[in-house]
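To keep things clear, I will list the structure first and then write my remarks on it.
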Amino acid sequence: MATAQITYLGDLRTESVHLQSGTAILTDAPTDNQGRGEAFSPTDLLATALGTCIVTTMGILARRDGIDLRGSVVEITKVMSSEPPRKVARVVVKMVMCTAAALDDDTKAKYVRIAHTCPVAISLHPDVVQEVTVEWRNSKIADSE
């Protein structure tokens, strides 16, 4: 079965529908490439896929380990190459991982390894630099604000 159906809406905009759930995502070309920048660009989705894959894979492991990661936040910065051809050169992933209990260094290292071995991370071309930093907090972000 197909995963998604993409319709070109014109004016450099697409609508992608996830066929299993019916969820839709709009994309626009970015403003630096003739677009409106009113939605994710295709390369934004690529960078975002890395962050969501990392935290989802960590969540799978955390569920198995009985660790609650709710409230954790991942910030993605996509950096395009300055030289042709136009491509994603680097993705900066800044993670603030929140847990109710302190984790030992071995456990933290196990979770950080996921950042480099999740399916998206290992699917990206080796030329795409993946800079990942992880900060650990022993409480939910909402609790500390």
> For residues in region 22-42 being under 20 Å from the mean Cα position of the chain (by Cα) and among the hydroxyl-bearing types (Ser, Thr, Tyr), which is farthest from Met80 (Cα to Cα)?
Replying inline: Thr23
>> Any residue in region 96-109 that is part of a helix (DSSP H, G or I) sitting within a Cβ distance under 7 Å of a residue that is of a type in the set (D, E, K, R)? List the pairs, counting only those 6 or more apart or interchain.
In response: none
> Which is modelled with pLDDT under 95, among the hydroxyl-bearing types (Ser, Thr, Tyr) and more than 21 Å from His125 (Cβ to Cβ), of Thr23, Thr7, Thr31, Thr14?
Replying inline: Thr31
> So which residues in region 9-31 are out of contact with any strand residue (DSSP E or B) (no Cβ under 7 Å at 6 or more places or on another chain) and either among the aliphatic types (A, V, I, L, M) or in contact (Cβ under 8 Å) with a residue 24 or more places away in the chain (or both), if there are any at all?
Replying inline: Asp11, Ala29
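The values are calculated or read from the model by the stated rules, or taken from the named source; none is laboratory data. Model, not experiment: these values are computed from the prediction. When we count neighbours, we look across all protein chains shown, and the Cβ atoms used for this are built from the backbone with ideal geometry, even at glycine.
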